[in-house]
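The values are calculated or read from the model by the stated rules, or taken from the named source; none is laboratory data. None of these values were measured; they are calculated from a predicted model. Quick reminder, even Gly has a Cβ in these numbers, built from the backbone with ideal geometry, and neighbours come from all protein chains shown.
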Amino acid sequence: MLKEQRMLKIINKLNVSKSTTIKKLADSFGVSDSTIRRDLNDLEEKGYVKRTHGGAILKENFDDEYNFIKKTTENRAEKSSIARYAASLIEDGEIIAINSSTLTYLMAKELEAANLKIVSNSIDVINELSGSKKYDISVLGGDYVHLARTIEGPITEKQIRAMHFDKAFLGVNGIDSSLGLSTASSIEALSKKAMIDCSEQSFILSESPKFDKASFYKIADFDEIDAIITDQNLSEDKFDKYSQYLKIIKTQNKEE
């Protein structure tokens, strides 16, 4: 098992049990105590867990970062405006890749195009679209990430890279002029990059506070993306700054 897979499974276990010990993890994965200790040190350094005597607990702020219900309901007007615009870019008969995020889930709820082939690793996108006969849905395999409600891992990336898409729609954790696009998980970064590489066009859905922020793992450079779709609250300074690199689309809230 790769280190990244093991660390992901450690986070999943902590999401269920809230705390664990080095011995339990070492026995579970069939590795040494020192290997688990290094994994926990890396996870603590990244802000995912807090080390305890002989073990670790999941940090509350990391749980909030991946709290799907909370993130879906916050700033709903801005999120909805981004989702509606993104959905309007999809045309009948296209092959679409949809990564897991609250914004891509809301985009799925706004879809009007018909006869779509949709490929996704998002549990919520799949659940939202599965009841419609307008869509042919392919569910990506891999490891289920409880907190992010997504399917990730080497199997997921391999499947994506065997496909070709007309358009890909993805969420990110950070947009930075130096780093480019980034996310909180190395495994999620791999699946997002694979979708970008295998798509004719790629669109990032992001709220304005994520501009000028960098997360832990780089996904891609700006020149690999066709546009970033964001909300009306993006400042003119940031709009001008990032428009040097790629197309920035500011959407308007429906109420206005």
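So, in region 195-210, of the ones that are crowded, with 21+ Cβ neighbours inside 10 Å and of a type in the set (A, V, I, L, M, F, W, C), which residue ends up nearest to residue 155 (Cα to Cα)? Of everything passing the filter in region 195-210, 195 is nearest to residue 155 (Cα to Cα). Assessment of region 94-105 against the conditions (in contact (Cβ under 8 Å) with a residue 12 or more places away in the chain, in a loop (DSSP other than H, G, I, E, B) and of a type in the set (Asp, Glu)) yields at least one matching residue. Looking at the structure I just gave you, is residue 108 in contact with a Leu (Cβ under 9 Å, 6 or more places away or on another chain), in a strand (DSSP E or B) and crowded, with 18+ Cβ neighbours inside 10 Å? In short, no. Could you list, in sequence order, the residues of region 120-139 that are in a loop (DSSP other than H, G, I, E, B) and either of a type in the set (A, V, I, L, M, F, W, C) or under 18 Å from the mean Cα position of the chain (by Cα) (or both)? Within region 120-139, 121 is the sole residue that qualifies. On the given criteria, is residue 250 surrounded by 15 or more Cβ atoms within 10 Å (Cβ to Cβ), without any contact (Cβ under 8 Å) to a residue 40 or more places away in the chain and touching a Leu at 6+ places or on another chain (Cβ under 6 Å)? Yes, satisfied. For region 213-251, the candidate set comprises residues that are polar (S, T, N, Q) and in contact with a Lys or Arg (Cβ under 7 Å, 6 or more places away or on another chain); within that set, the residue that is farthest from residue 190 (Cα to Cα) is 232.
Checking residue 117 against (1) modelled with pLDDT of 95 or more; (2) in a helix (DSSP H, G or I); (3) among the basic types (Lys, Arg), only one condition comes out false. Which one? Exception for residue 117: condition (2). Screening the candidates 185, 178, 199 for the property of being of a type in the set (S, T, N, Q) and in contact with a helix residue (DSSP H, G or I) (Cβ under 9 Å, 6 or more places away or on another chain) yields one hit, 185.
Listed by position, the strands (runs of 3 or more DSSP E) inside region 177-255 whose residues that are modelled with pLDDT under 95 number at least 1 are 180-183, 217-220.
Evaluate the following for residue 170: is it crowded, with 17+ Cβ neighbours inside 10 Å, part of a loop (DSSP other than H, G, I, E, B) and in contact with a Lys or Arg (Cβ under 6 Å, 6 or more places away or on another chain)? So residue 170 does not fit the description; no. Within region 140-154, the set of residues being in a strand (DSSP E or B) and surrounded by fewer than 21 Cβ atoms within 10 Å (Cβ to Cβ) comprises 143, 144. Within region 180-194, if we keep just the residues that are surrounded by fewer than 21 Cβ atoms within 10 Å (Cβ to Cβ) and touching a residue at least 60 places away in the same chain (Cβ under 8 Å), the residue that is farthest from residue 104 (Cα to Cα) turns out to be 186. If you go through region 120-139 and pick out every residue that is modelled with pLDDT of 95 or more, surrounded by 15 or more Cβ atoms within 10 Å (Cβ to Cβ) and among the charged types (D, E, K, R), you end up with 0.
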